[in-house]
Amino acid sequence: MTPSTLLAGAVSGLLLGGLYAVTALGLSLVFGVMRLVNVAHGELLLLAAYLNFVISGALGIDPLLAAVLLIPIMFLVGYPLQRWIFNPLMHMGSEPPLLAAFGLSIILQNVLLLIWHADTRVLVTSYSGMGVQLFDVRVSLLYVLAFVMAFVLIIGVHLFMQHSYLGKAIRAAAQDASTAQVMGINPEQIYALTYAIGAATAALGGTLIGMTFSFVPTSGLTWLLKGFVVVVLGGMGSITGMLGAGFILGIAEGVGGAIAGTGYRDMIGFLIFIIVLVLRPAGLFSRSRV
Amino acid sequence: MQKIRIRQAAAAVLMFIAMVVLPACGGQTTGPAQNAPKQILLGASIPETGALAAFGTYEKWGYTTAIDDLNKSGGLYLSQYKTKVPVALKLYDDESQPQLATSNTQKLILSDKVNGLLGSATPPQVISGAVVAERNRVPMVTGIAPIRAFLGAQPKWNYVWDIFFDELDMTQQQFLTMNTVASNKRIALFTDNEQDGVVMGKLWEETAPKMGYTIAYHATFPVGTTDFGDLIRRAQAAKAEVVITQMITPDAIALWRQMQTLNYRPKAAFIEKGSEPAQWATALKDAAQGVMVTGYWYPTLPYPGASTLRTRFEKDTNQTYSQHIADTYTAAQIMLDAITSAGSLDPNAINTAIGKTDKTYVVGPVNFAKGPGGHTSALPTFMLQWQNGQTQIVYPSKLSTAKFLYPLPAWSKA
């Protein structure tokens, strides 16, 4: 192990952390507002990746451009899921929606298998094989793109939450649904819109996964687990916390992997997850909650 | 009075004929055939979903087609019953998870009461089912489990039979192929923590010095690793001109793409297991060009039905063939031949008959008695290279179907 190996691990980890933040954003939003651990989020990411595979292939356009088209599509996928599956279960306690999310995860996984079979897919672009030099370290251009997009997306969602009427309504419903209802906010509508926004962010996350790595219908769990770590590190439901948490996880994995070996990357991530859960259960950035 | 006695005697004789003699001449309605089972049931737990699903596609086709071919001739002749009996196949999806391969095999034996078993794919899956077959004394024939990994799990098998390549032979092919060209003989090994990754990683470590090569870097990692950046940088720093890997397809694709982004272009790459399915070429397109993988079957080999097997698969599925269609088709054929030889559904008789197999099938010659451990039959290997979306044999020259593309073109030209 040399200083340059550590630097390379830190730089690529930092950039990869951006991708982690993007993929965890929807999970965080849904948890922050509805207190729902959306275990189907991994499959939503994959659904987006597969839809992008179809759209970009059929239209012959760049997957990032296809992702823009995919955002409203995923929004429309997410809205009815919350409206007609999760909302009726919300008043029954935390277990029924969680079980429904499990069920949804399995159903979505099987739908993906049925339609696209189990072959490994990749979103190929002309620049997917390109790399750039950063601090004397060669890194994937896609990692850089993911990093930039994480900033743009998370800051954008944060500003939306802070300054738009809908964002304020979502925050109000998250803080106290009963009081929000008294103020004329329909919490069920807000929940459905929040889930839809979370699914819409999966459009970008799924696209980045497909462009950067490979995916099969069963890859969702990998990204769900990464998402959980980011959400817990960032503070349950904290939007801006996602960014910091993603970077921390990415750097920890990158540097830890460089020191202990790539085989221990995931273990290092989960070790941090457990330590934070024990010492600071509300997360590292919990003040900036939804 | 005497007339009455004669009539009574005649009636008694007629009754005797009716009750005893006629049934014996009765063909279909009585005798051994009447007791014959309605069907012979074979079973397999295969990975139809999950990371190994590509293998499951080929296995399903190989097993099903072999049985369908037999059933077209009216079924399998059982000498014990002097009749042909149709063969059915029960398949369960093990979702590429070893624990499901175990429970599926138990279900096949205990609930479905199969007469014989066919294997899953890759050592963790195959061995998980095989130990259940062994415990319950139900014969199993399998492919897609390299022989030393298979024997590493249990050196002595009694009811399970494996036809696949021998890792010792397979782990020499890369060096033999590289001996035909010039390189710095420095190897970067990437092996995952699955059983065949561990076994073959060790064999390459042992074989390389004997063949005049140096393992400049050996990366080991868990299955499902997504980021290989650190490992690639180390391989690059070790100045390895040859990359040899043993990993599943999704991971192999991720590694190869990251090698491209980090501009690590070896002169030759052997992506074992991962680059074997056709999806390697469909997912990576031009970047797949030139990558090599050891093969054990090719449609041009002089084995009975080899050329038509490929055509049939591609016509049936509209997919590009894989060599696994041959070993899975053969595994089913061996089981069917053994049941025919046994003439009954007695598991011990079938098992003994499998052990006596000595025949050239579509995948090549199979003889368990001569194979390592007495329960394996090693298939001879050769080197395949992806060229323009198809695999071609590039080593040895006596089998080659195309010229060895070496060195790999620069990434910018890939």
What pairs from B:Lys267/B:Lys398; B:Lys273/B:Lys356; B:Lys90/B:Lys315; B:Lys72/B:Lys156 go past 32 Å between their alpha carbons? B:Lys72/B:Lys156
Ignore the peptide's own chain and count Cβ atoms of other chains within 10 Å of each Cβ in B:242-254; give me the average, rounded. 3
Label A:Asn110 and B:Gln34 with points 7 Å out from Cα along Cα→Cβ: what is the distance between them in nm? 4.5
Cβ under 13 Å from B:Asp286's Cβ, B:Asp286 left aside: what net charge do those residues give with Lys, Arg +1 and Asp, Glu -1? +3
Taking R0 as 45 Å and r as the Cβ-Cβ distance between B:Lys202 and A:Met130, the FRET efficiency 1/(1 + (r/R0)^6), rounded to the nearest 0.05, comes to 0.80
Cα long-axis angle, helix B:2-16 against chain B (0 to 90 degrees, to the nearest 10): 10
Please give the total accessible area that chains A and B bury against each other, computed with a 1.4 Å probe and expressed in Å² to the nearest 100. 2400
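Compute, for the stretch A:1-158, the length of the dipole vector about the Cα centre, with Cβ point charges of +1 (Lys, Arg) and -1 (Asp, Glu) only. Units Debye, rounded to 20.
Numbers: 4 positive and 5 negative charges, 29 e Å.
The dipole of the stretch A:1-158 has a size of about 140 debye.
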Using alpha carbons only, how many angstrom separate the centre of the stretch A:36-52 from the centre of the stretch A:213-290? 18
Projecting each Cα onto the charge dipole of chain B (Lys/Arg +1, Asp/Glu -1 at the beta carbon, about the Cα centre), which of B:Tyr58, B:Val291, B:Ile350 comes out farthest on the positive side? B:Ile350
Signed unit charges on C-beta, dipole axis of chain B, positive-most listed residue B:Val243, B:Phe382, B:Asn179: B:Phe382
Angle in degrees between helix B:306-317 and the longest Cα principal axis of chain B, rounded to the nearest 10: 90
What's the average, rounded to a whole number, of partner chain beta-carbon atoms within 10 Å of each residue's beta-carbon in B:279-290? 3
Label-point gap, in nm, between B:Thr352 and B:Asn136 - each point 7 angstrom along Cα→Cβ: 2.3
Identify, among B:Val131, B:Gln260, B:Tyr159, the residue whose Cα sits farthest towards the positive end of the charge dipole of chain B, taking +1 on the Cβ of Lys and Arg and -1 on the Cβ of Asp and Glu, with the dipole about the Cα centre. B:Tyr159
Output for the stretch B:107-199 (equivalent-ellipsoid semi-axes, sqrt of 5λ from the C-alpha gyration tensor, Å, descending) is 34, 12, 10
Treating the beta-carbon of each Lys and Arg as +1 and of each Asp and Glu as -1, no other charges, what is the dipole magnitude of the stretch B:292-414 about its Cα centre, to the nearest 20 debye? 460
Net charge near B:Asp162 (other residues with Cβ under 15 Å of its Cβ; Lys, Arg +1; Asp, Glu -1) is -4
Axial C-alpha extent at least 20 Å, average Kyte-Doolittle at least -0.5 - helices from chain A (DSSP): A:3-34, A:41-59, A:63-81, A:95-116, A:141-163, A:187-212, A:220-234, A:239-260, A:265-279
Between the helical axis of B:195-210 and the dominant principal axis of chain B, each derived from Cα atoms, what acute angle in degrees is found, rounded to the nearest 10? 50
For the stretch B:311-355 and the stretch A:113-174, compute the distance between their C-alpha centroids and round to whole Å. 48
On the accessible surface of the stretch B:65-170, probed at 1.4 Å with all protein chains in place, carbon and sulfur together account for a percent value of 51
What does the charge dipole of the stretch A:149-283 about its Cα centre add up to, to the nearest 20 debye, if the Cβ of each Lys and Arg holds +1 and the Cβ of each Asp and Glu holds -1? 120
Note every residue of the stretch A:96-137 with a reduction of at least 10 square angstrom in accessible area, all protein chains present versus the isolated chain, computed with a 1.4 Å probe, or write none. A:Leu113, A:Ala118, A:Asp119, A:Thr120, A:Val122, A:Val124, A:Ser128, A:Gly129
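Using a cut-off of 15 Å between beta-carbons, work out the net charge of the residues near B:Asp93 (Lys and Arg +1, Asp and Glu -1, B:Asp93 not included).
Values: positive: B:Lys60, B:Lys90, B:Lys107; negative: B:Glu48, B:Glu59, B:Asp94, B:Glu95, B:Asp112.
Once all neighbours under 15 Å are counted, the net charge is -2.
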Here D for the protein assembly as shown, in µm²/s, from Stokes-Einstein with a Kirkwood Rh over Cα pairs at 37 °C and 0.692 mPa s, works out to 118
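Pull out a ≥ b ≥ c, the square roots of the eigenvalues of the alpha-carbon gyration tensor of chain B, then state rounded if a/c is under 1.5, prolate if not and a/b is larger than b/c, and oblate in the remaining case.
Prolate, since a/c reaches 1.5 and a/b exceeds b/c.
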Accessible area expressed per residue, the protein assembly as shown, with surrounding protein chains retained (probe 1.4 Å, Å²): 39
Distance in nm between pseudo-label sites at A:Leu221 and B:Thr300 (7 Å out along the Cβ direction from Cα): 4.2
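Can you compute the helix-only [θ] at 222 nm over the protein assembly as shown? Use -39500 (n - 2.57) per DSSP H run of at least 4 residues, normalise by all residues, nearest 500 deg cm²/dmol.
-17500 deg cm²/dmol
The values are calculated or read from the model by the stated rules, or taken from the named source; none is laboratory data. Owing to the predicted nature of the structure, the values given are computational and were not obtained by experimental measurement. Reconstructed Cβ throughout: ideal geometry from the backbone, glycine too, with neighbour counts over all protein chains shown. The protein model used for the area step is the full one, side chains on, heavy atoms only, and it has no ligands, DNA or RNA in it. Shrake-Rupley method; radii C 1.70, N 1.55, O 1.52, S 1.80 Å.
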